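Structure first, then comments.
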Amino acid sequence: MKTLQDLKPLIEYLQEIQHLSSAISVLHWDQETYMPPGAGRARAEQLSTLGGMAHERSVGPEMERLLSQWVDLKSGQVNGEERGWDEPSRALLREVWRDYHKATKLPTEFVRRYGKEASISQQVWVEARKKSDFSQFAPHLKTMVALKKEEIGYIGYKDSPYDALLDDYEPGMTVAQLVPLFEALKAELVPLLEKIVQSPVQPKTDFLHRSYAPEKQLAFGQKVLEAMGFDFNNGRQDLSAHPFTTSFHTTDVRITTRVDERDLLSSLFSSIHEGGHALYDQGLNPDLYGTPLGDARSLGVHESQSRLWENGIGRSKPFWGYFYPILQKTFPEGLKGVDPESFYAAVNLVRPSLIRVEADELTYNLHIMVRFEIERALIEANLPVDALPSLWNEKMHQYLGIVPDSDAHGVLQDVHWSGGAIGYFPTYTLGNLYAVQFLNQAKKEIPGLEGEIAKGDLLPLKKWLNEKIHRWGKQYPTDVLVRRVTGEPLNPAYFVRYLKEKFTPLYSLS
Ligand code: ZN
């Protein structure tokens with residue numbers, strides 16, 4: 001039986017490419033945190049050179065030579081007897097070939113043209129959003145949609161052209177699977193939201209916007225991260241305009257947050273969210289660094305880890321049973337007279353709002369439905385770009401009962417489309433669904449989990465996630481991973497049940 005040992009030359013070559021990619025990530029992280037504003041142009045050139053080197057190596061003759069020793073480059077078939085390889089080796093070859101094959105389908109000329117147009121389009125989008133002027137952005141979005149269609153032409157697809165795009169972010173997922181999943185979800189979420197909005201019981205949240213010293217907020221967030229098992233010896237937290245997680249190695253995982261004196265929850269929940277992402281990256285197998293087996297499974301699975309911690313734990317009763325007294329001691333003035341029940345209700349406020357990134361855990365998914373349906377119409381049905389603002393507002397009204405007052409707060413709010421990231425949004429909702437299904441299983445398998453959380457011990461859950469999900473990297477396709485962890489395929493019923501169980505008592509629903 002052949003093992004990873006036999007693939008050593010390929011693995012070492014992949015790790016060399018990863019060194020370049022990790023250096024690119026360091027420069028990106030620096031750009032978002034500490035880089036002086038004047039360095040923008042020089043940084044862009046540095047990134048472009050390194051990016052070109054990494055890309056060349058990943059599709060160049062040396063990669064071809066190494067990979068073709070074991071894999072038929074046309075079909076992806078492993079040479080010789082498939083059964084002659086152990087499972088990790090087969091998975092590694094499958095994933096490396098997949099990336100290689102996909103990258104070689106795109107002509108170099110196209111990649112260059114795409115990169116240039118995307119960069120211009122993103123810059124125009126920033127301006128257009130500032131001025132809330134969709135007409136300024138529209139010609140560039142048209143170009144990006146045309147480029148995505150050209151890309152689909154190179155990549156190919158079976159059922160829906162949208163599948164070719166989705167595959168970049170959630171390999172294996174298809175429109176045929178997503179549509180019934182999302183329809184089932186929408187059919188439950190829209191009426192549930194209506195009931196919540198109409199409930200006479202509405203939590204007070206004014207106390208969340210009193211004055212809360214930023215350094216104390218950050219110190220509390222750090223305490224929670226330590227409790228989650230975030231390893232500060234192999235990671236750190238810094239400040240940036242938009243919170244994110246990036247990883248250079250399992251021993252160096254960076255998260256960022258932002259802090260607002262008048263918002264007690266924003267920094268804390270961004271720390272917990274990014275902390276969940278970071279635990280995944282710290283929990284990958286360091287020996288397989290640079291290979292698909294040492295890399296996160298998909299965006300949806302990554303998001304499941306952040307959402308599990310942010311919502312499943314960070315907005316749960318047991319969590320606040322332990323942490324609320326500590327928070328109240330940290331902010332005796334701000335939280336004076338706020339009892340634990342009122343605080344728990346405030347943390348779980350559900351209210352239709354215009355901005356996706358500020359949405360609660362229920363309405364968030366309706367924001368995703370709006371985007372998913374519009375993306376599909378653009379790609380599958382040739383919806384004209386000029387129709388987007390009105391279609392957006394129509395769908396917002398239909399699903400969330402509100403209409404944006406401006407395109408800046410509507411169709412122009414997200415960066416994704418401007419850079420050509422079409423097919424990305426569904427991974428957020430998939431993450432929410434995976435998260436609840438995983439957590440449900442963790443509760444079954446870890447005895448007294450909620451009791452442990454109520455004592456402030458979050459480590460049993462972290463260890464379970466390390467063991468069940470993190471350490472496997474991309475060894476299993478996502479659907480196999482979900483079945484291995486939970487014993488069944490992705491099932492949105494868990495998410496719906498979770499929301500009903502949480503919000504029925506909070507809003508006195510019948
Ligand atoms: Zn995230």
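Would you confirm, using the coordinates I've provided, whether Leu433 is away from the ligand (no atom under 16 Å from the Cβ) and surrounded by 18 or more Cβ atoms within 10 Å (Cβ to Cβ)? No, not satisfied. Just one of the numbered conditions (1) open to solvent by 40 Å² or more (accessible area, probe 1.4 Å); (2) more than 16 Å from the ligand (Cβ to nearest atom) is not true of Ala213: (1). With respect to the stated conditions, Ala278 fails to be in a loop (DSSP other than H, G, I, E, B), open to solvent by less than 30 Å² (accessible area, probe 1.4 Å) and within 15 Å of the ligand (Cβ to nearest atom). Scanning the stretch 259-270 turns up no residue that is open to solvent by less than 10 Å² (accessible area, probe 1.4 Å), β-branched (Val, Ile, Thr), in contact (Cβ under 8 Å) with a residue 12 or more places away in the chain and more than 27 Å from Lys500 (Cα to Cα).
Counting residues in the stretch 103-124 that are modelled with pLDDT under 95 and not in a helix (DSSP H, G or I) gives one or more. Close Cβ contacts (under 7 Å, 6 or more residues apart or on different chains) running from residues in the stretch 349-369 that are within 16 Å of Ser304 (Cα to Cα) and modelled with pLDDT of 95 or more to residues that are charged (D, E, K, R) and in a helix (DSSP H, G or I) comprise Tyr364/Arg356.
The condition of being at pLDDT 95 or above, surrounded by 21 or more Cβ atoms within 10 Å (Cβ to Cβ) and within 16 Å of the ligand (Cβ to nearest atom) holds for only one of Val253, Val224, that being Val253. Checked against (1) in contact with a Phe, Trp or Tyr (Cβ under 6 Å, 6 or more places away or on another chain); (2) open to solvent by 40 Å² or more (accessible area, probe 1.4 Å), Lys336 meets all criteria but (1). What helices (runs of 4 or more DSSP H), lying completely within the stretch 296-388, carry at least 1 residues that are away from the ligand (no atom under 14 Å from the Cβ)? Output list reads 317-330, 340-347, 363-380. The single residue among Leu165, Leu93 that is out of contact with any helix residue (DSSP H, G or I) (no Cβ under 7 Å at 6 or more places or on another chain), of a type outside the set (Gly, Ala, Ser), under 30 Å from Leu288 (Cβ atoms) and crowded, with 19+ Cβ neighbours inside 10 Å turns out to be Leu93.
Just give me the residues in the stretch 413-430 being within 16 Å of the chain's Cα centre (by Cα), more than 16 Å from the ligand (Cβ to nearest atom) and either outside any helix (DSSP H, G or I) or closer than 19 Å to Leu465 by Cβ (or both), in sequence order. Listed by number, the residues that qualify are Ile422, Gly423.
Conditions (1) under 23 Å from Gln282 (Cβ atoms); (2) open to solvent by less than 70 Å² (accessible area, probe 1.4 Å); (3) assigned to a loop (DSSP other than H, G, I, E, B), marked per residue:
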| residue | (1), (2), (3) |
| --- | --- |
| Gly451 | no, yes, no |
| Pro460 | yes, yes, no |
| Tyr476 | yes, yes, yes |
| Arg483 | no, no, no |
| Leu490 | no, yes, yes |
| Pro505 | no, no, no |
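The values are calculated or read from the model by the stated rules, or taken from the named source; none is laboratory data. Here the structure is a predicted model, which is why all the values come from computation and not from measurement. Backbone-built Cβ (ideal geometry, glycine too); neighbour counts: all protein chains shown. Calculation scope for accessible area: heavy atoms of the full protein, side chains included, ligands and nucleic acids excluded. Shrake-Rupley method; radii C 1.70, N 1.55, O 1.52, S 1.80 Å.
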